[in-house]
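Down below is the structure, laid out as structure tokens.
The values are calculated or read from the model by the stated rules, or taken from the named source; none is laboratory data. Since we're looking at a predicted model, the values are computed, not measured. Neighbour counts are summed over all protein chains in view; Cβ atoms, including those assigned to glycine, are modelled from backbone coordinates with ideal geometry. Accessible surface areas use protein heavy atoms only, side chains included; no ligands, DNA or RNA. Shrake-Rupley method; radii C 1.70, N 1.55, O 1.52, S 1.80 Å.
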Amino acid sequence: MQIKNICCIGAGYVGGPTMAVIALKCPHISVTVVDANPDKIKAWNGPLEQLPVYEPGLAEVVKEARGRNLFFSDDIPGNVEKAEMIFMAVNTPTKKEGEGAGMAADLRYVEACASDIAKYSKSDKIVIEKSTLPVRTAEKIKEILEENSTNIHFEILSNPEFLAEGTAVQDLFKSDRVLIGGDQTESGQKAVQSLVDIYANWIPKDKILTTNVWSSELAKLASNAMLAQRISSINSLSALCEKTGANIDELSKAIGMDHRIGPHFLKASVGFGGSCFQKDILNLVYLCKYYGLDEVADYWHQVVKINDYQKDRFAQKIINHFGGDLTGKTIAILGWAFKANTNDSRESAAIYVAEKLYKTGANLEIYDPKVLQDQIIKDIKFYWKEKSVKSNRISISSNIRFGNADTIAILTEWEEFKDLDFEKTTVFDGRNILKSPLYSI
Ligand code: UDX
Ligand code: UDX
């Protein structure tokens, strides 16, 4: 099928940058990103400095393609109808209630998306799962599409996104691999080829891997689980280093120099955050349990448990330093994003560490260079389940401040925190958990 129009539902961290890069690299294709949230669309059409997603290099890509062949629109029906190829990039958070609550992925947005596609389609479509989904979701999507339409053929592909936030644009320009899963039927393979042709505009052919749908769906969950597992492995060893006098950075270097292991994702930290790792592992655990593989489920669940242990252990270090009570102490929280170079704070370790400190009596002075004050307040209400943010105990500043703080907790690896002169205030450094506290008053 000749692809002239692409529509992507979901203008978030994945949909926005991915479509911007496809539009940039394929000027012959019109790419429209739609979203149920009109404010988000307005922001994507607004000033380049205030796009809803902050990613190095993204504003430049949007500047070049927006209005040429990249469009952001709130007209979902019109753009679904027009497109030959539709990407689903809506979010798939962990389920909060019902069967699988706290573990399984909540597929309600994906399902809503599928019924919208069925409702508004008047011709055959290729529908692509971009969101991270449990293995065999394509089956369910096909059912929804077929139940809600007549005489339209839908081909479903899985094309998971492996970009990491903070390097999204570079990851999209130079992907390690592009994975495309499709049905082994003739029409399935034709659809796969249509998508291969799009990526082949800038990705070398040997990096485009085609598989069956189930392998592709599962590969995304498994890749994230393997990456997170390395972090939990090194973080678990950081606890042992503290007891034995071994140095975790030296250990990490020594392990990573073995080419069979490699150096990446072996940096001890206060714990991994982000929208994907925890959610995808819990989803994997749920799937294993569903198929009766309890030992496999327990193995992967431990990766999340070690991560919780690490975040808790770090906060506890600070509490112990003050003899178990933080009442009246002021702690400067430097960094709220889950990692540097993003304005995303979902599941950030900072949120959990700050909560524990606050609930042990501390006053907090929070600063992050990219996460907006409104977002920090939203996170506090959502993750801490606080109805309001008490301004006499929490201040959020748009400038870095730590002059009044009894101690400083560095929780995101922002470049600007690297060479700060802390004037010998005690510093607990999430980037260097072993050596914290770095200075004593
Ligand atoms: C993506 C994936 O889709 C998720 O499965 C993966 O694990 C992480 O990355 P992400 O782009 O990070 O999610 O999510 P988010 O930034 O929240 O964007 C999702 C967008 O979809 C939002 O803008 C939301 O408004 C939109 N949406 C959601 C719809 O347009 N329709 C819906 O029904 C639900
Ligand atoms: C991850 C995957 O890397 C990406 O392929 C997938 O598409 C989405 O999930 P992301 O969550 O954006 O990407 O960031 P990533 O760079 O993987 O970092 C995740 C977390 O792990 C961050 O909190 C980071 O600080 C932490 N981390 C990473 C460590 O603690 N140590 C490391 O060595 C590497």
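Summary of values
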| item | result |
| --- | --- |
| Any chance residue 427 is buried (at least 21 other Cβ atoms within 10 Å of the Cβ) and within 16 Å of ligand 2 (Cβ to nearest atom) | no |
| Pairs, first touching a residue at least 40 places away in the same chain (Cβ under 8 Å) in segment 208-227, second part of a helix (DSSP H, G or I), C-beta under 6 Å, six or more apart | 213/138; 221/280; 221/284; 224/277; 224/280; 225/281; 225/284; 225/300 |
| Residues located in segment 1-16, provided they are open to solvent by 20 Å² or more (accessible area, probe 1.4 Å) and under 14 Å from the mean Cα position of the chain (by Cα) | 13, 14 |
| Unmet criterion (only one of (1) more than 16 Å from ligand 2 (Cβ to nearest atom); (2) within 26 Å of residue 53 (Cα to Cα); (3) in contact (Cβ under 8 Å) with a residue 12 or more places away in the chain) for residue 121 | (2) |
| Whichever residue in segment 251-297 is among the hydrophobic types (A, V, I, L, M, F, W, C), in a loop (DSSP other than H, G, I, E, B) and near ligand 2 (Cβ under 8 Å from one of its atoms) and, among such residues, is most open to solvent (accessible area, probe 1.4 Å) | 265 |
| Residues of segment 368-379 satisfying the condition of being within 16 Å of ligand 2 (Cβ to nearest atom) and either in contact (Cβ under 8 Å) with a residue 60 or more places away in the chain or within 25 Å of residue 426 (Cα to Cα) (or both) | 368, 369, 370, 371 |
| Selection count where residues are within 15 Å of ligand 1 (Cβ to nearest atom), over 14 Å from residue 76 (Cα atoms) and of a type in the set (A, V, I, L, M, F, W, C), scope segment 23-46 | 2 |
| Residue ID - nearest to residue 235 (Cα to Cα), chosen from residues in segment 325-367 that are among the small types (Gly, Ala, Ser) and more than 16 Å from ligand 2 (Cβ to nearest atom) | 332 |
| Residue satisfying condition, being in contact (Cβ under 8 Å) with a residue 60 or more places away in the chain and within 16 Å of ligand 2 (Cβ to nearest atom), within set 10, 16 | 10 |
| Pick from segment 336-361, criterion more than 13 Å from the chain's Cα centre (by Cα) and basic (Lys, Arg), ranking: most open to solvent (accessible area, probe 1.4 Å) | 359 |
| Scope segment 117-150; condition surrounded by fewer than 17 Cβ atoms within 10 Å (Cβ to Cβ), part of a helix (DSSP H, G or I) and either more than 27 Å from the chain's Cα centre (by Cα) or among the acidic types (Asp, Glu) (or both); matching residues | 119, 139, 143, 146, 147 |
| Residues of segment 158-177 that turn out to be within 15 Å of ligand 1 (Cβ to nearest atom) and in contact (Cβ under 8 Å) with a residue 12 or more places away in the chain, as a count | 12 |
| Residue list for segment 84-106, restricted to those being within 12 Å of ligand 1 (Cβ to nearest atom) and either of a type in the set (D, E, K, R) or at pLDDT below 95 (or both) | 91, 92, 93, 94, 105, 106 |
| Every pair of residues 6+ apart whose Cβ atoms lie under 8 Å, when the first sits in segment 83-108 and is within 20 Å of residue 120 (Cβ to Cβ) and open to solvent by 40 Å² or more (accessible area, probe 1.4 Å) while the second is within 15 Å of ligand 1 (Cβ to nearest atom) and of a type outside the set (Asp, Glu) | none |
| Tabulated pairs, segment 272-285, first more than 12 Å from residue 93 (Cα to Cα), second aromatic (Phe, Trp, Tyr) and within 6 Å of ligand 2 (Cβ to nearest atom), C-beta under 6 angstrom, 6+ apart or interchain | 273/338 |
| Elements of type strands (runs of 3 or more DSSP E) contained in segment 1-116, each with 2 or more residues being more than 30 Å from residue 150 (Cβ to Cβ) | 70-73 |
| Within segment 193-250, considering residues that are of a type in the set (D, E, K, R) and touching a Ser or Thr at 6+ places or on another chain (Cβ under 9 Å), the one most open to solvent (accessible area, probe 1.4 Å) | 207 |
| Cβ pairs under 7 Å, 6+ apart, first in segment 316-331 and among the hydroxyl-bearing types (Ser, Thr, Tyr), second surrounded by fewer than 16 Cβ atoms within 10 Å (Cβ to Cβ) | 327/361; 330/404 |
| Identity of the residue in segment 35-48, within 17 Å of residue 67 (Cβ to Cβ) and free of Cβ contacts under 8 Å to residues at least 12 places away in the same chain, that ends up surrounded by the most Cβ atoms within 10 Å (Cβ to Cβ) | 43 |
| Filter pass, residue 67 being in contact with a Ser or Thr (Cβ under 7 Å, 6 or more places away or on another chain) and surrounded by fewer than 16 Cβ atoms within 10 Å (Cβ to Cβ) | no |
